[in-house]
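The values are calculated or read from the model by the stated rules, or taken from the named source; none is laboratory data. Not measured: the values here are computed from a predicted model. All Cβ positions, even for glycine, are placed from backbone atoms using ideal geometry, and neighbour counts span all protein chains on display. Areas reflect the complete protein model, heavy atoms only, side chains present, ligands, DNA and RNA absent. Shrake-Rupley method; radii C 1.70, N 1.55, O 1.52, S 1.80 Å.
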Amino acid sequence: MNKVFLVIRREYFARVRKKSFLLATLITPLIFPAILGVFLWISLSDEGGNALKIIEVVDESDRFFLESSGEFAFSYSDLPQEEAKKLVQDGERFGFLYIPKIDVENPEGIRFYSQKAANLGFVGDLEEKISRRIEEIRLYKFGIDPKVIRDSKTPVSISSITLEEGGDEKVSNAGVNYGLGFFLGILIYTFIFVYGTQIMQGVIEEKSSRIIEILVSSIKPFQLMLGKIIGIGAVGLTQFLIWIVLISAVSSVVMGYFGMQMPQQQALEMANPEAAQAMMQSSEMAQVIQVVQGIDFVKLVLTFLFYFLGGYLLYGAFFAAIGAAVDSPGDAQQFMFPVTIPLIASYFGLFIFVLDDPGSKVSFWLSVIPFTSPISMVGRASYGIPLFDLAVSMVLLILGFLFTTWVAAKIYRIGILVHGTKANYKMLWKWIKQNN
């Protein structure tokens, strides 16, 4: 065990002392706030400098009046189409909306002209305005006042409440749970890929330089592999912790400069009774706050850490075995594909099944199969996981890790000493079957 610790220490300090590690650790957190600051600056400067966009409207039926908004104004005329188009080409008008004499039962022929392709949101807004006006015309045709219809519409808000064991009630919000599951799942997916690849590259480098042959003379290959996996994992955790601190600090400065608040500052303001009451006036905000307060963050963090480490160790063993079996990164591509398939499957499964319906059968199986559970189970974690599902998933992940480590150790033990031979699946199977 002492030898494993020495390998962990070597791998950890050999990487954290590199200039590339320090640069990546310090520069990466600055990239996201910098991008945020640039877009905020562009957005604010754009809002301040933008002139009112005028749209020329030629309505041959004289039945469509579109209300101007803060950014767009509608100018009505009976200009010929060619003259209206020329106004757009000369830059005097942002766009030209042509509405022919249409049949309200089957409206066709409406066109919008502009120098640049109109964005989807703007076109959708125009379609909604015209559709609403056609609806009013048709209602008047049937002798119905549209105001009566508008006044009869009543918004309904349904609170989603989960009944837990023991009769406890827990308010849930799909948006909050989705956001947490999305963030945690993607974090694990990224960590496994980035640092798993580092394990593979590290093994290939040591194998190519023949350093590995010196190391295995004083330490067992399995101990070397385990120490390398844990050491690089510790480097990743250190980097992520530093990133979290730096990103939070720099983002607070950037958002504070533009007069915005971080979520932590908003949470602190909630401690003020007057501010809390003002925010709670919004039923939606009140529900979100109630949901956040009802989340068991201790359980959520512990679940995340278990699958974070379990998933990394499981896949890290495979990446180490691949690195030991090949002589160059190019040769590793044929073996990377089968390893990445479960990761990609769990990545898409997270969006298609887990976050959409965490209680479905597909979500259950994705969260208990060891190769997909690290990403899928943390996606379900914010929704609340039945104890049985969690226990089964954890046991299978531990067994999966032991199995993959055993298989990887068989390949690693022989592969690190093989040079100049193109490994294939048949050869890997032979190494796995070979007795110690």
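The table that follows gives values for the structure above.
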item: Conditions (1) modelled with pLDDT of 85 or more; (2) open to solvent by less than 60 Å² (accessible area, probe 1.4 Å); number of the one not met by ILE219; result: (1)
item: Test: residue in the stretch 331-349 that is modelled with pLDDT under 90, surrounded by 21 or more Cβ atoms within 10 Å (Cβ to Cβ) and under 19 Å from TYR307 (Cβ atoms); result: no
item: Wholly within the stretch 318-436, helices (runs of 4 or more DSSP H) carrying at least 1 residues that are among the aromatic types (Phe, Trp, Tyr) and either touching a residue at least 40 places away in the same chain (Cβ under 8 Å) or over 24 Å from GLU205 (Cβ atoms) (or both); result: 333-349, 361-368, 387-415, 425-433
item: From ILE55, ILE27, ILE35, residue being of a type outside the set (D, E, K, R), more than 30 Å from ILE211 (Cα to Cα), modelled with pLDDT of 75 or more and in contact with a Lys or Arg (Cβ under 7 Å, 6 or more places away or on another chain); result: ILE55
item: Qualifying positions in the stretch 199-211 - part of a helix (DSSP H, G or I) and surrounded by fewer than 19 Cβ atoms within 10 Å (Cβ to Cβ); result: GLN201, GLU205, SER208, ILE211
item: So ILE414, is it assigned by the TED database to the domain that holds GLU205 and closer than 18 Å to VAL301 by Cα; result: no
item: Flag if PHE297 is open to solvent by 40 Å² or more (accessible area, probe 1.4 Å), at pLDDT 85 or above and among the hydrophobic types (A, V, I, L, M, F, W, C); result: no
item: Number of positions in the stretch 90-124 that are open to solvent by 80 Å² or more (accessible area, probe 1.4 Å) and either out of contact with any Phe, Trp or Tyr (no Cβ under 9 Å at 6 or more places or on another chain) or charged (D, E, K, R) (or both); result: 12
